C-alpha cells in the first residue's frame, strides 16, 4: 500500500503555543485529509483538501495541500488542552479509488 | 443521529478461539470499511464494501480473516482461529459519495479492542 510519512511520532507543546506537523508521500495524491483521534474513539475528519496549493482553515486549524501533491501540513494555533490526540494525515490517490491511506499519526500532548 | 455502531467494544479471548466483530454503518451510507489499528503498523485497511459487495479485500492478512455484509445495515469481521498477533483495535467506518464524488470522509465507529492471549 501507499506510504504516508509523519514525523515526529510525539510532540509535547505548551498550552498557547502553535504546533505544525507535516505529511509526505512518494506518490501523488488527489485528496489530502487530516483526521484526529481521541483516546477510546475512532478518527474524526478535521480538514479535507482537494486542490494542489489549497490552503484551508477550520477554526484554529489550517492545512495546506502541497503544490507537488506529495505533501500536506497541518497547523494548530494557540493550542488548548483539548487538542490532545493523535493527528493522522490521509490520502486518496485518484478518482474512483476508495482506498484511503493513513499515516501513522502524530501524538500531540498539550502541557497546561 | 446514530453514528457507526460497533460491538463488542472489548474482547479478550484465547488463542485458537473464533472472534466475531460486528458493525452497523450509518443509515444511507453505501460504503463500509474495516480497518485494523496497531502501534507498529498504524491504520490498515482490511476490506471495503460498496452496496454490500466486497470490492477490495487485498488488505485481509490471511485466510483466517473473513468479512461479510449480508445487508446494508450490518457487517461482520470474523477471525478463526485467532492468534496473539491479531491483537489490535478494529475499526469499522462508513461513507457515502455525494454526487458520486469521493470526499475521503469516513465516519468511524468507536472500535473493538481485541486481545488474544
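A few points about this structure:
- Put simply, of B:105, B:110 the only residue that is at the interface with chain A (Cβ under 8 Å from one of its Cβ atoms), at pLDDT 95 or above, part of a loop (DSSP other than H, G, I, E, B) and surrounded by fewer than 20 Cβ atoms within 10 Å (Cβ to Cβ) is B:110.
Quick grid of which residues meet (1) more than 14 Å from chain A (Cβ to nearest Cβ); (2) touching a helix residue (DSSP H, G or I) at 6+ places or on another chain (Cβ under 8 Å); (3) more than 22 Å from residue A:43 (Cβ to Cβ); (4) touching a residue at least 40 places away in the same chain (Cβ under 8 Å):
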| site | (1), (2), (3), (4) |
| --- | --- |
| B:55 | no, no, no, no |
| B:72 | yes, no, yes, yes |
| B:84 | yes, no, yes, yes |
| B:97 | no, no, no, yes |
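- Scanning region A:27-50 for residues that are surrounded by 12 or more Cβ atoms within 10 Å (Cβ to Cβ) and outside any strand (DSSP E or B) turns up A:27, A:28, A:29, A:30, A:38, A:41, A:42, A:43, A:50.
- For region B:12-30, a residue qualifies if it is crowded, with 19+ Cβ neighbours inside 10 Å and over 11 Å from the mean Cα position of the chain (by Cα), and exactly one does: B:19.
Here is a yes/no grid of residues against (1) more than 10 Å from the chain's Cα centre (by Cα); (2) in a loop (DSSP other than H, G, I, E, B); (3) on the phi > 0 side of the Ramachandran plot; (4) surrounded by fewer than 20 Cβ atoms within 10 Å (Cβ to Cβ):
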{"site": "B:37", "(1), (2), (3), (4)": "yes, no, no, no"}
{"site": "B:47", "(1), (2), (3), (4)": "no, no, no, no"}
{"site": "B:54", "(1), (2), (3), (4)": "yes, no, no, yes"}
{"site": "B:69", "(1), (2), (3), (4)": "yes, no, no, no"}
{"site": "B:91", "(1), (2), (3), (4)": "no, no, no, no"}
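- Every residue from region B:71-85 that is surrounded by fewer than 21 Cβ atoms within 10 Å (Cβ to Cβ) and not in a strand (DSSP E or B): B:72, B:73, B:80, B:81, B:83, B:84, B:85
- In a residue-by-residue description of region A:55-67, the property of being closer than 14 Å to residue A:102 by Cα and within 14 Å of another protein chain (Cβ to nearest Cβ) applies to no position.
The values are calculated or read from the model by the stated rules, or taken from the named source; none is laboratory data. The structure displayed is predicted, hence computed values, not measured ones. For neighbour counting, all protein chains shown are included, and Cβ atoms are generated from backbone atoms with ideal geometry for every residue, glycine included.
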